1. Among Asp106, Asp80, Asp214, which one moves the most in a GNM of the chain with springs linking Cα atoms closer than 10 Å?
2. Among Leu121, Ser174, Gly68, pick out the residue whose Cα is farthest towards the positive end of the charge dipole of the chain, where Lys and Arg carry +1 and Asp and Glu carry -1 on C-beta, about the Cα centre.
3. Under unit Cβ charges (Lys, Arg +1; Asp, Glu -1), what dipole magnitude, rounded to 20 debye, does the chain have relative to its Cα centre?
4. With springs connecting C-alpha atoms under 10 Å apart, model the chain as a Gaussian network and identify which of Gln217, Gln76, Gln207 has the largest mean-square fluctuation.
5. Could you give the length gained by full extension between Phe107 and Phe196, i.e. 0.36 nm per residue of separation minus their alpha carbon distance, to one decimal place?
6. Set Lys and Arg Cβ to +1 and Asp and Glu Cβ to -1, take the dipole of the chain about its Cα centre, and tell me which of Ala59, Ala108, Ser15 lies farthest positive.
7. For Cα pairs less than 8 Å apart in space and 6+ apart in sequence, what is the mean separation divided by the residue count of the stretch 2-217, i.e. the relative contact order in percent?
8. Mean-square fluctuation check for the chain, GNM, Cα pairs under 10 Å: which of Pro122, Pro162, Pro221 is largest?
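The numbers here are math on the coordinates, done by the rules we state, and not lab data. Note that this is a predicted model, so its numbers are computed, not measured. With ideal geometry, Cβ positions are generated from the backbone for all residues, glycine too; neighbour counts draw on all protein chains shown.
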Amino acid sequence: MQREQFALATKSSTSLLSPLERRLAARVVPRIPLWLGTHHLTLLTLAWCAGLVAFGWLAAGDLRWLWGSSAMIALQWATDFFDGKVGKHRGTGLVRWGFYMDHLLDFAFLCAVLGGYALVLPAAAHLSLFLVLAVFGGFMVNSFLAFAATGRFHISHGKLGPTEFRLALVFINSLLVFYGTRRMTKVLPYVAACGFVALCVLAYRTQRELWHKDMEQLRRPAPAAPIAQREAA
């Protein structure tokens, strides 16, 4: 039953770049070497996470090492984007393992990104980084809970999805290299606050949708009992 739930669930993305990504996948997936399996692509996120922490440590002494962090982000996008599509194309997808590991490693990736920034930014910014982690982790939790309740897994909100998030990280790294850390330290509390407001709006809309679904189901007449049960009563 659990396998059927995962297989039949609708994974939806309405981000700005999703149409371009679909065209890219149609061209690239058939050309990925057969020795590179879907589980290999999923587990490569561990290597990219280690690279993010390592480049963050190096960038504490020279911010130009953040170009390496941006490379790790780009590689993580590639492996995370293509792992499930390779499994579907070849019929070798690991449904339950893939769902669990893919999203567990997405959270590990988020922690590695913010951990790398914690090595670069002054201690005064660490609380703001923790708040950002809590807020963006909240978006993940909302997606999983909504999936359990509806069978639909949303990976984008407000036309912004994982790809746009990674592009924003690359842009932030570029700003840090050229302008230093002072501005980012000042901006982080506002990022956490705006993210919290957006999370509250999303949670409100999600619970309202689920409330309406439950109320509609309660209003439906109960199905009639089979004739045999009525006669026995």
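1. Asp214
2. Ser174
3. 500 debye
4. Gln217
5. Length difference between fully extended and current span is 30.3 nm.
6. So the residue we want is Ser15.
7. Numbers: 210 pairs, mean separation 68.0, N = 216.
Relative contact order comes out at 31 percent.
8. So, out of Pro122, Pro162, Pro221, the one fluctuating most is Pro221.
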